[in-house]
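The values are calculated or read from the model by the stated rules, or taken from the named source; none is laboratory data. Quick caveat: nothing in here was measured; it's all calculated off a predicted structure. Please note: Cβ atoms are built from the backbone with ideal geometry, for glycine as well, and neighbour counts cover all protein chains shown. Note: areas computed on protein heavy atoms with side chains; ligands, DNA, RNA excluded. Shrake-Rupley method; radii C 1.70, N 1.55, O 1.52, S 1.80 Å.
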Amino acid sequence: MTDTVVPLRGPLRLVAQSVPLAPSVLDDVPLTHLLPADRALAWVRDGDGIVGWGEAARIETSGDDRFTDAGAWWREVSAHCVVRDKVGVPGSGLVAFGSFAFADDSGRTRGRAGGSSVLVVPRVVVGRRGATTWVTTINESALAPTPRVAPTDEPASPEGVVFTDGSTSGAQWETIVSDAVRRIEAGDLDKVVLARDLVADLAAPLDVRAPLRRLAAAYPNCWTFHVDNLFGATPEMLVRRERGLVTSRVLAGTIRRTGDDARDLALAGSLARSSKDLEEHEYAVRSVADALEPYCSSTNVPEAPFVLHLPNVMHLATDVAGVVDAEHESATSLDLAAALHPSAAVGGTPRSTALELIAEIEHLDRGRYAAPVGWIDADGDGEWGIALRSAEYDGSRVRLFAGCGIVADSSPEAELAESQAKLVPVRDALTG
Ligand SMILES: C=C(O[C@@H]1C=C(C(=O)O)C=C[C@H]1O)C(=O)O
């Protein structure tokens with residue numbers, strides 16, 4: 001079921017132009033500092049990335065066809081777009097930012113008009129990749145003048161933030177985790193990822209640029225994003241496609257940081273040896289490698305994970321890589337994201353049993369949490385992260401999400417503490 005918000009009177013004919021900017025023009029200003037308050041879009045990591053604003057076109061989709069409908073629309077829009085790209089890097093030229101619902105039936109209960117998955121083509125994009133900075137303008141029918149790009153005013157920080165339980169209390173969630181452990185012990189499944197939410201009420205509507213700036217500064221090795229009221233800083237890359245090379249960063253297995261470097265180092269060592277975490281991790285890596293293999297002539301799956309250090313937690317991490325084979329050359333980054341979602345890092349193993357269990361016991365509409373968020377260009381290249389360490393907002397109400405992989409050895413109390421640690425990035429970004 002597809003609901004096209006910009007009606008297509010015949011094919012939509014966009015004109016996109018990318019021009020390089022002299023590095024001195026922005027003088028190392030973070031990309032998030034360029035965003036206007038209205039319709040801001042962001043995908044940044046360690047200073048690089050793309051930000052956008054305005055809207056040249058959009059599509060909203062829902063249901064089990066949400067990826068294929070959006071993908072077909074994007075092929076059509078790309079095919080009819082005149083692109084003048086004087087930069088020539090992934091992310092220059094025509095791009096769309098996107099965010100998808102976790103579940104086939106998600107969004108229906110949230111009362112949003114249209115679907116809950118979206119691709120947005122901005123009017124202006126500013127990108128940075130190493131020493132290259134560029135600006136793209138996208139317009140209907142005719143070339144738009146290149147705007148002057150400059151830092152915007154400091155956004156207002158959220159005030160009067162009050163946190164309350166989301167759909168379950170911490171204690172109720174521990175009971176849900178115990179139920180899942182029992183199902184795993186009974187042999188119904190190997191792993192399930194269970195999530196919970198936390199509500200933040202603010203004194204005034206959120207200016208998302210404030211938490212975005214904080215997240216990008218505090219979590220430089222995560223991808224800080226904002227698409228249509230979903231924002232966060234995720235450490236997990238579901239899939240990146242760049243000229244035939246596919247990469248994915250798989251995370252699963254977590255330990256909280258203590259703030260004491262020597263202790264954290266020892267904890268990192270114990271994480272790398274923990275059979276519970278290694279087992280949980282292996283399921284996640286397998287699910288990604290198995291889903292990528294049909295598209296690739298070769299894949300590289302490292303034998304052992306490394307430990308990814310974030311300010312709040314450490315994760316077991318594996319970078320999987322593959323080369324797209326000739327038969328699947330036309331598979332876009334979005335096609336690949338659709339094939340991979342939901343990986344066992346956010347669903348479980350076996351996938352269908354885990355998804356059924358989530359629907360039965362989690363008591364949460366995940367919305368777009370834990371689902372693909374990112375961008376795609378006219379060649380189909382792009383990056384789709386998993387929307388973790390994230391929140392959705394509507395005016396002054398923000399819903400934060402966090403989840404944990406549950407296996408036979410999981411303890412409900414430890415999982416609750418882990419979920420709290422995973423809420424820290426957005427919590428801190430709201431409270432400063
Ligand atoms: C589900 C989340 O994180 C996922 C679960 C992890 C785990 O259980 O160890 C680790 C990283 C993510 O793949 C989340 O942050 O909400």
If residue 264 passes every condition in (1) open to solvent by less than 20 Å² (accessible area, probe 1.4 Å); (2) within 30 Å of residue 189 (Cα to Cα); (3) modelled with pLDDT of 95 or more; (4) not hydrophobic (A, V, I, L, M, F, W, C) but one, which one does it miss? (2)
Residues of the range 193-230 that turn out to be assigned to a strand (DSSP E or B) and either under 18 Å from residue 155 (Cβ atoms) or not aliphatic (A, V, I, L, M) (or both), as a count: 10
Could you grab me the full set of residues in the range 23-51 that are part of a strand (DSSP E or B) and more than 16 Å from residue 206 (Cβ to Cβ)? 43, 44, 45, 48, 49, 50, 51
From 319, 290, residue being of a type in the set (D, E, K, R) and either within 14 Å of the ligand (Cβ to nearest atom) or in contact with a strand residue (DSSP E or B) (Cβ under 9 Å, 6 or more places away or on another chain) (or both): 319
For residues that are touching a residue at least 12 places away in the same chain (Cβ under 8 Å) and either open to solvent by 20 Å² or more (accessible area, probe 1.4 Å) or in a loop (DSSP other than H, G, I, E, B) (or both), scanning just the range 64-74, find the one that is nearest to residue 127 (Cα to Cα). 67
Quick one: how many residues across the range 187-230 are surrounded by fewer than 20 Cβ atoms within 10 Å (Cβ to Cβ) and closer than 30 Å to residue 361 by Cβ? 6
Please specify each residue of the range 360-408 satisfying the condition of being aromatic (Phe, Trp, Tyr), crowded, with 24+ Cβ neighbours inside 10 Å and part of a strand (DSSP E or B). 375, 384, 401
Counting only residues that are aliphatic (A, V, I, L, M), in contact with a helix residue (DSSP H, G or I) (Cβ under 6 Å, 6 or more places away or on another chain) and within 14 Å of the ligand (Cβ to nearest atom), the range 367-407 contains a total of 5
Within the set of pairs 6+ apart or on separate chains, which have a first residue in the range 41-63 that is without any contact (Cβ under 8 Å) to a residue 60 or more places away in the chain, a second that is open to solvent by less than 10 Å² (accessible area, probe 1.4 Å), and C-beta atoms under 8 Å apart? 60/115; 60/116; 60/117; 60/118
I need a count of the residues in the range 327-344 that are open to solvent by less than 20 Å² (accessible area, probe 1.4 Å) and part of a loop (DSSP other than H, G, I, E, B). 6
Filter the strands (runs of 3 or more DSSP E) completely within the range 103-192 down to those with at least 1 residues that are closer than 24 Å to residue 46 by Cα. 117-121, 124-129, 132-140
Return the residues of the range 143-198 that are touching a Pro at 6+ places or on another chain (Cβ under 7 Å) and under 30 Å from residue 412 (Cβ atoms); say none if nothing qualifies. 174, 177, 178, 189
Scanning the range 231-250 for residues that are open to solvent by less than 10 Å² (accessible area, probe 1.4 Å) and either part of a strand (DSSP E or B) or under 14 Å from residue 289 (Cα atoms) (or both) gives 231, 232, 233, 234, 237, 238, 239, 246, 248, 250
